[in-house]
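Remarks on the structure that follows.
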Amino acid sequence: MADESVSAPVVNDQDPAIAAADEMKLLGYAVQELPAHAVKDLFAHEVCVRCIFRLFNIHEGIYALLSPTTIYSIIKKAINSEDMAIKSTKDTEELEVKSSICSVCLGVLQFSYLDERDTLLGKDHAEDFAMAVAESVKEKGHEIPSFTLEVSLPTLITENEQVILSYLKKKYASEVWFQEKFSSEHISVKDALKLSMTHPLEKLLGVKSGVSDFRIRLTFEHVDATSAENRIGKNQGNKRIKSGSIADESNGLVKCSNGTLQSGDASDINSPLKKVGQPCHMTLVCSRAPVFIGGRYLKFSRNVSQTRWIIDEERKGEASVEELIGGNILPMCNGDSYKFHAAGREDIDVRMLGSGRPFLVEIQNARFVPSEVSIKEMENKINSLESNLVRVRHLKVVGSQGWSLMREGEAEKQKQYAALVWISRPISDDDVEAVTSLKELKVLQRTPVRVLHRRSPLDREKTIHWMKIEKIAGSCQYFLLHLCTQAGTYIKEFVHGDLGRTNPSIGSILGCRAEILQLDVTDVKMDTLTE
């Protein structure tokens with residue numbers, strides 16, 4: 001060990017050759033600080049060289065860019081090779097480096113893993129691993145403006161690391177190097193992997209990393225951790241402690257996820273970890289945060305439901321707004337699936353006219369975020385459908401805040417209707433005046449009989465803001481009722497009274513029987529998701 005710290009050379013990012021040489025020097029200086037006997041001890045317990053460097057806080061992962069053989073050669077030059085007990089020939093070094101899986105990181109920082117087909121793969125350094133990841137990402141076909149790298153590791157890695165740290169503390173706590181230089185604060189396996197991978201991925205994908213809607217997620221799972229968790233889950237008498245281990249109160253032992261029993265006092269650990277037979281399984285998933293495309297829709301048919309409607313395996317209606325709109329938007333975004341959201345809903349036999357009803361289509365894992373040109377193409381495609389059942393207006397990408405904006409606006413929106421009404425006697429001018437004069441009319445509505453099977457039986461007070469009667473020429477018992485109401489008002493029940501469950505109603509106001517024959521929504525007054 002060197003007694004004095006050595007100033008590190010500045011890495012030149014412009015010249016790769018100079019940068020590589022400087023990295024070698026950085027490592028050479030750092031290795032001089034290592035206690036040879038402790039490093040030999042860690043090697044004996046099959047801790048990989050990258051984990052050793054990580055545990056000793058060496059240069060924040062620069063070593064991940066070099067192959068294990070190169071790292072070993074640096075160690076041999078800096079520290080007495082006999083003390084380190086490292087073989088001298090290159091062939092033996094290669095065998096020693098690649099044959100054993102690290103007992104701490106389970107191969108993660110050795111870039112050794114099993115793929116989805118259980119094929120064992122190994123990369124020498126971070127750039128090779130990053131290249132494999134980048135190729136898989138590109139195969140997914142996503143448009144990538146930026147990315148966030150996410151890593152998920154088995155808890156067994158954290159547990160193993162705590163065991164090794166406790167072992168080092170027990171054995172070397174009295175030595176000067178441990179007291180002066182060793183610290184339990186060091187970069188984690190997860191952060192070391194992300195740090196070593198991020199810059200190479202940026203170069204290979206040609207975009208920057210950071211907070212992004214596009215996520216690259218690497219999930220590592222290990223068979224030892226999985227089987228141990230299954231065993232532990234069956235032991236109902238145990239309780240979990242912070243480290244993720246299980247405490248058996250009857251004998252004071254700690255059962256780690258690697259299946260070993262340790263003393264409850266970590267300082268009593270004598271044989272740290274068992275040999276690791278294979279590395280982790282790694283799966284790569286690319287996903288984009290949902291893309292929200294919003295606008296307003298108009299529905300011209302009285303046989304089209306808002307969402308797909310199946311009862312007893314029989315379809316109701318000839319189509320749905322959801323399928324006609326979402327089914328045409330999804331392919332243009334090349335997403336996995338979609339969800340349809342709307343500011344309220346109309347019955348299958350009610351048309352949606354006027355300015356249209358605000359809606360959102362939530363595209364899951366879209367490969368492409370549509371441009372303004374693409375959005376216009378979507379709008380034209382939907383509006384050109386031969387069926388002419390629906391149309392859309394003001395289509396646009398609204399961002400992730402679109403959902404909350406629509407929910408907020410929906411609670412305060414007003415809706416206008418036009419209802420074709422029949423009454424049991426001729427309508428008079430006094431009837432017209434009586435209805436038209438009512439402003440801000442409070443109506444108490446119990447849950448309608450027709451929806452009791454799916455709605456809670458509640459009393460709801462709603463407001464009818466205004467009403468107007470339009471007589472129909474040549475008919476004395478039919479008229480058009482135009483009205484503006486609070487969101488959530490049951491219009492059909494307001495007309496006929498629903499056996500007295502809605503009061504007052506048009507029937508009670510006019511003192512006769514009233515029935516609604518047709519209903520149209522003519523406007524949804526809501527500022528969000530409009531032009």
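What to note about this one:
- Residues in the range 95-110 that are at pLDDT below 90 and either open to solvent by less than 40 Å² (accessible area, probe 1.4 Å) or of a type in the set (A, V, I, L, M, F, W, C) (or both): Leu95, Val97, Ser100.
- Of the criteria (1) at pLDDT 95 or above; (2) open to solvent by 10 Å² or more (accessible area, probe 1.4 Å); (3) part of a strand (DSSP E or B), which one Cys512 fails: (3)
Yes/no per residue for (1) aliphatic (A, V, I, L, M); (2) under 19 Å from Ala192 (Cβ atoms); (3) at pLDDT 95 or above:
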site: Leu114; (1), (2), (3): yes, no, no
site: Asp124; (1), (2), (3): no, yes, no
site: Gly141; (1), (2), (3): no, no, no
site: Val151; (1), (2), (3): yes, yes, yes
site: Lys169; (1), (2), (3): no, no, no
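- Put simply, of Ser174, Ser212, Ser183, Ser196 the only residue that is within 33 Å of the chain's Cα centre (by Cα), among the hydroxyl-bearing types (Ser, Thr, Tyr) and outside any helix (DSSP H, G or I) is Ser212.
- In the range 364-399, the residues that are in a loop (DSSP other than H, G, I, E, B), more than 17 Å from Leu324 (Cα to Cα) and in contact (Cβ under 8 Å) with a residue 60 or more places away in the chain: Asn365, Ala366, Arg367, Phe368, Val369, Pro370, Val398, Gly399
- Checked against the criterion of being modelled with pLDDT of 50 or more, on the phi < 0 side of the Ramachandran plot and more than 33 Å from the chain's Cα centre (by Cα), the range 255-270 contains one or more residues that satisfy it.
- Of the residues making up the range 24-55, those that are in a loop (DSSP other than H, G, I, E, B) and modelled with pLDDT of 85 or more number 5.
- Qualifying residues in the range 175-194 (those that are of a type in the set (A, V, I, L, M) and buried (at least 18 other Cβ atoms within 10 Å of the Cβ)) - the one farthest from Phe214 (Cα to Cα): Val189
- Considered as a group, the residues in the range 281-305 that are at pLDDT below 95 and assigned to a loop (DSSP other than H, G, I, E, B) include one that is surrounded by the fewest Cβ atoms within 10 Å (Cβ to Cβ), and that residue is Ala289.
- Residues of the range 478-509 satisfying the condition of being outside any loop (DSSP other than H, G, I, E, B) and basic (Lys, Arg): Lys492
- Of the residues in the range 350-359, at least one is among the aliphatic types (A, V, I, L, M) and either surrounded by fewer than 19 Cβ atoms within 10 Å (Cβ to Cβ) or without any contact (Cβ under 8 Å) to a residue 12 or more places away in the chain (or both).
- Residue that is surrounded by fewer than 16 Cβ atoms within 10 Å (Cβ to Cβ) and on the phi > 0 side of the Ramachandran plot, where the choices are Asn383, Asn334: Asn334
- Taking the criterion of being crowded, with 17+ Cβ neighbours inside 10 Å and among the hydrophobic types (A, V, I, L, M, F, W, C), the residues of the range 360-376 that qualify are Leu360, Val361, Ile363, Ala366, Val369, Ile375.
- Checklist (1) in contact with a strand residue (DSSP E or B) (Cβ under 7 Å, 6 or more places away or on another chain); (2) of a type in the set (Gly, Ala, Ser); (3) at pLDDT 70 or above applied to Ser245, failing item: (3)
- Every residue from the range 159-174 that is surrounded by fewer than 17 Cβ atoms within 10 Å (Cβ to Cβ) and out of contact with any helix residue (DSSP H, G or I) (no Cβ under 8 Å at 6 or more places or on another chain): Ser174
- Which numbered condition Lys525 fails, given (1) within 40 Å of the chain's Cα centre (by Cα); (2) touching a residue at least 60 places away in the same chain (Cβ under 8 Å); (3) open to solvent by less than 80 Å² (accessible area, probe 1.4 Å): (3)
- Residue check for Leu395: modelled with pLDDT of 90 or more, open to solvent by less than 40 Å² (accessible area, probe 1.4 Å) and over 23 Å from Asp349 (Cα atoms): yes
- Output for the range 111-158, where each listed residue is in a loop (DSSP other than H, G, I, E, B) and open to solvent by less than 80 Å² (accessible area, probe 1.4 Å): Phe111, Asp115, Thr119, Lys123, Asp124, His125, Gly141, His142, Ile144, Ser146, Leu153, Pro154
- Residues of the range 309-329 that turn out to be under 17 Å from Leu385 (Cα atoms) and either touching a residue at least 60 places away in the same chain (Cβ under 8 Å) or of a type outside the set (Asp, Glu) (or both), as a count: 10
The values are calculated or read from the model by the stated rules, or taken from the named source; none is laboratory data. Because the structure is predicted, anything quoted here is derived from the model rather than measured. Reconstructed Cβ throughout: ideal geometry from the backbone, glycine too, with neighbour counts over all protein chains shown. To get the accessible areas, we keep the full protein, side chains included, count just its heavy atoms, and leave off ligands, DNA and RNA. Shrake-Rupley method; radii C 1.70, N 1.55, O 1.52, S 1.80 Å.
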